[in-house]
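A quick write-up on the structure given underneath.
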Amino acid sequence: MTVSPDRPIGIFDSGIGGLTVAHAIKKLLPNEQLIYFGDTAHLPYGDKSEAAIQAYSVRIADVLVKKGCKVIVIACNSASSAAYELLKEYVRGIKIINVIDPMIQWVVSNFQNTTVGLIGTKRTVQSGVYLRKISEANQGITLHQLPTPLLAPMIEEGFFSNQISHEIIAQYLSAPDLSGITALILACTHYPLIREEIAGYYAGKPVTILDSSEVVALAVKNYLTSSNLLNDQSNHPDQFLVSDYTESFEASTRLFFGELVHLQEHPLWH
Ligand code: DGL
């Protein structure tokens, strides 16, 4: 499989949360064509088994490879933790970028010898991938993780910046596991939408909130630059595919991508 600069960037997530990553990539690389796949038929991934997420991810990778993508970005922590190693083996000749490694590099370079917190889905936390990679880096970082399964569905419903979301967020963040942290990793691509609310909870405290969308966009740019795959000028419109279409998913794109985008249904199983 030969890749060339004019091919699109493939991006996928369990649903529309990964559009936060797609948006950051578009902002940094406006000349690139994006093909986004949201597996809305199977969301949430955070409650699924590793095997199920692997099966969905392989199927989605097939779609993105058929569309000629030059790189595939797994814009989902749950899928990155469950299926990255498998996809690296399965998809030959195309770089796979996950959302975890760029964040690990950032944390390891900036928060040595401190305690860092992490919130994410049950799948991401249970996988222990962040714990393993941070411990392998051996920079004196202690990671405290907390699964926060109510947050992604809450955000997907557009239910944030209100009193109930404040209370749910405060309830989670006040867990003893997260006391004494210097930084909090938002290990779910839905969470940038509640970044301000989380920052509000820590107002006046020296806790840095880390969301991966920008570091992942930078990792994509670095890879394309170093591989001579940057596009000068894309003539093709972005495509946003979903495995199950509803008007409410389409309406929510405005929140996650910053503008309303048209979703095309593309069933994963025929
Ligand atoms: N956006 C996904 C992630 O980063 C989580 C949402 C889901 O559970 O499907 O893990």
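The values are calculated or read from the model by the stated rules, or taken from the named source; none is laboratory data. Only a predicted model underlies this, so the values are computations on that prediction, with no experimental measurement involved. All Cβ positions, glycine included, derive from the backbone under ideal geometry; neighbour counts span all protein chains shown.
Key figures for this structure:
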quantity	calculated
Some residue of the stretch 8-16 being closer than 26 Å to Val129 by Cα, buried (at least 16 other Cβ atoms within 10 Å of the Cβ), modelled with pLDDT under 95 and within 13 Å of the ligand (Cβ to nearest atom)	yes
Residues being buried (at least 20 other Cβ atoms within 10 Å of the Cβ) and of a type outside the set (D, E, K, R) - total across the stretch 45-57	5
Filter result (within 15 Å of the ligand (Cβ to nearest atom), buried (at least 19 other Cβ atoms within 10 Å of the Cβ) and of a type outside the set (Val, Ile, Thr)) within the stretch 114-146	Leu118, Gly120, Arg123, Ser127, Tyr130, Gln145
Count - residues of the stretch 89-107 that are away from the ligand (no atom under 16 Å from the Cβ) and surrounded by 17 or more Cβ atoms within 10 Å (Cβ to Cβ)	5
Selection count, the stretch 36-59, where residues are aromatic (Phe, Trp, Tyr) and in a strand (DSSP E or B)	2
Output for the stretch 20-35, where each listed residue is part of a helix (DSSP H, G or I), surrounded by fewer than 24 Cβ atoms within 10 Å (Cβ to Cβ) and not charged (D, E, K, R)	His23, Ala24, Leu28
Contacts under 8 angstrom Cβ, first residue in the stretch 18-45 being modelled with pLDDT of 95 or more and within 14 Å of the ligand (Cβ to nearest atom), partner of a type in the set (Lys, Arg) and not in a loop (DSSP other than H, G, I, E, B), 6 or more apart	Tyr45/Arg123
Any hit, the stretch 162-173, residues being in contact with an Asp or Glu (Cβ under 8 Å, 6 or more places away or on another chain), under 19 Å from Thr115 (Cβ atoms) and either surrounded by 17 or more Cβ atoms within 10 Å (Cβ to Cβ) or polar (S, T, N, Q) (or both)	no
Answer residue from the stretch 184-200, given it is assigned to a helix (DSSP H, G or I) and in contact with a helix residue (DSSP H, G or I) (Cβ under 7 Å, 6 or more places away or on another chain) and is nearest to the ligand (Cβ to nearest atom) among those	Tyr191
Residue match in the stretch 168-183 (condition: within 16 Å of the ligand (Cβ to nearest atom), part of a loop (DSSP other than H, G, I, E, B) and in contact (Cβ under 8 Å) with a residue 40 or more places away in the chain)	no
Some residue of the stretch 49-71 being within 16 Å of the ligand (Cβ to nearest atom), within 13 Å of the chain's Cα centre (by Cα) and within 19 Å of Pro267 (Cβ to Cβ)	no
Among residues of the stretch 184-196, those that are under 25 Å from Ala79 (Cβ atoms) and without any contact (Cβ under 8 Å) to a residue 60 or more places away in the chain, counted	2
Every pair of residues 6+ apart whose Cβ atoms lie under 6 Å, when the first sits in the stretch 89-102 and is assigned to a strand (DSSP E or B) while the second is within 14 Å of the ligand (Cβ to nearest atom) and at pLDDT 95 or above	Ile97/Val73; Asn98/Ile74; Asn98/Ser80; Asn98/Tyr84
Residue within the stretch 201-223 that is farther than 22 Å from Thr124 by Cα, within 16 Å of the ligand (Cβ to nearest atom) and either under 19 Å from the mean Cα position of the chain (by Cα) or among the aromatic types (Phe, Trp, Tyr) (or both) present	no
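Condition check ((1) at pLDDT below 95; (2) part of a helix (DSSP H, G or I)) across all residues:
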{"site": "Tyr223", "(1), (2)": "no, yes"}
{"site": "Asn228", "(1), (2)": "no, no"}
{"site": "Asn235", "(1), (2)": "yes, no"}
{"site": "Ser252", "(1), (2)": "yes, yes"}
